[in-house]
Amino acid sequence: MYIKIAVCPGSFDPITNGHLDIIYRASKLFDKVVVLILNNPQKKPMFSVEQRLDWINSSIKPLNNVSVDYWSGLLIDYIKKNSACSIVKGIRSFQDFDYELQMSTVNKLLEPSAETIFLPADPDKTHITSTLVKDLCRIGGNIDNLVPKAILKDVKKVLEEVNK
Ligand code: PNS
């Protein structure tokens, strides 16, 4: 049987409710979804890969067709190695679209059979970014609605340590 596997790539530094919404929606569209932590050469992550893997694992627990992985190379090489057919990305704004369209073009040129699917962000979540979570915590703001409930306490604790 042909299993349709999608990959939700990102830095997830940390995973947010915006990411989780996209992952939930992708899990309804595909047989299997892999949440894939990758390196973004334009960003220096605050959290270790292990920490991010752990937080994603806790957040996706209710979803039995979703798993998490880390890859240090090109996204498209992971796609080919794991016989995935699609890349799923959430779009919050024109800026997101502009960037993601470029990425999807590069990936399409590298592997024409892999399709990128854009899901518009939930209207209640278009403001959520990992950077906002980190910035708010630094100045004592409330992140309760920004981060998955399953990891909220831990994220607050770790961010408090980092900001000491
Ligand atoms: O959450 P982000 O930071 O917007 O995710 C961007 C990410 C990590 C998905 C992107 O930088 C990426 O795909 N990195 C892996 C390297 C790669 O395949 N680049 C595309 C061709 S240059």
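The values are calculated or read from the model by the stated rules, or taken from the named source; none is laboratory data. Here the structure is a predicted model, which means the values were calculated and not measured. Ideal geometry is used to build each Cβ from the backbone, glycine not excepted, and the neighbour counts take in all protein chains shown. Quick note on the areas: whole protein, heavy atoms, side chains included, nothing else; ligands and nucleic acids left out. Shrake-Rupley method; radii C 1.70, N 1.55, O 1.52, S 1.80 Å.
Observations, loosely collected:
- Computed accessible area, PHE30, all protein chains, 1.4 angstrom probe, square angstrom: 30 Å²
- q = 0.08, 0.10 Å⁻¹, the chain: log10 I(q)/I(0) [Debye, one scatterer per Cα]: -0.23, -0.35
- Globularity index of the stretch 61-141, i.e. its alpha-carbon radius of gyration over 2.2 N^0.38 Å: 1.32
- With every protein chain in place, the stretch 1-95: carbon and sulfur % of accessible area (1.4 Å): 53 percent
- Dipole magnitude of the chain about its Cα centre (Cβ charges: Lys, Arg +1; Asp, Glu -1), debye to nearest 20: 180 debye
- Restraint check, LYS28/LYS80; LYS108/LYS156; LYS81/LYS164; LYS125/LYS156; LYS61/LYS89; LYS80/LYS153, Cα-Cα greater than 31 Å: LYS108/LYS156; LYS81/LYS164; LYS80/LYS153
- Most positive-pole-ward Cα, PHE97, LEU38, ASN163, against dipole of the chain from beta carbon charges: ASN163
- Solvent-accessible area per residue for the chain (1.4 angstrom probe, square angstrom): 58 Å²
- Ellipticity at 222 nm from helices only: DSSP H runs of n ≥ 4 in the chain, each -39500 (n - 2.57), divided by the residue count, give -13500 deg cm²/dmol.
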